[in-house]
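What follows is a set of notes on a single structure, which appears directly below.
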Amino acid sequence: QVQLVESGGGLVQAGGSLRLSCAASERTFTYYAMGWFRQAPGKEREFVGAVRGGTTYVTNSVKGRFAISRDNAKNTVYLQMNSLKPEDTAIYYCAASVGTPGTYDYWGQGTQVTVSS
């Protein structure tokens, strides 16, 4: 059982930055693909980006503003968010894919990000 714990959310003004962290319990974390998702009030969960091995990618709506990285020594993946907009307000979740690529098997509890205008 993989446990994921997100941190780093909070309230920030538009144009500001936040860095979210997701710490995994497993030492085999290195082999997982890790994803970030978000869910805004009244909306469906949205894929933000992921990292698999040394390759990272983010969805078009955040490209150029968000970046994903991982520190395997710390079993942690990060989501650096810059130039935040009010529409980025959501609960952000990290997830681990340990089996079928694109299928996420374990999820964190989420961390709230609120961007004020």
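The values are calculated or read from the model by the stated rules, or taken from the named source; none is laboratory data. Remember, predicted model here, so these are calculated numbers, not experimental data. As a convention, Cβ positions derive from the backbone with ideal geometry for all residues, glycine included, and neighbour counts pool all protein chains shown. Just so you know, the surface numbers come from the protein's heavy atoms only, side chains and all, with ligands and any DNA or RNA stripped out. Shrake-Rupley method; radii C 1.70, N 1.55, O 1.52, S 1.80 Å.
Summary table
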| read-out | value |
| --- | --- |
| Sequence-distant residues sharing a close amide H with Leu84 (under 5 Å, placed H) | Gly15, Gly16 |
| Dipole-positive endmost among Ala90, Gln1, Val51 within the chain (Cβ charges, Cα centre) | Val51 |
| Cα gyration tensor category, rounded, prolate or oblate, for the stretch 58-117 with a/c compared to 1.5 | prolate |
| Normalised contact order of the chain, rounded percent, pairs of Cα under 8 Å and 6 or more residues apart | 35 |
| Percent carbon-and-sulfur accessible area, the chain, ignoring ligands, DNA and RNA, probe 1.4 Å | 47 |
| Per residue accessible area in Å² of the chain, where ligands, DNA and RNA are left out and the probe is 1.4 Å | 53 |
| Relative contact order (%) - criterion: Cα under 8 Å, at least six apart; region: the stretch 66-117 | 32 |
| GluC sites (Glu not before Pro) lying in DSSP loop within the stretch 1-66, provided at most 11 other Cβ fall within 10 Å | Glu44 |
| Hydrodynamic radius of the chain per Kirkwood, over alpha carbon pairs, in Å | 14.0 |
| Heavy-atom accessible area ranking, 1.4 Å probe, most first, across Asp105, Asp71, Asp88 | Asp105, Asp71, Asp88 |
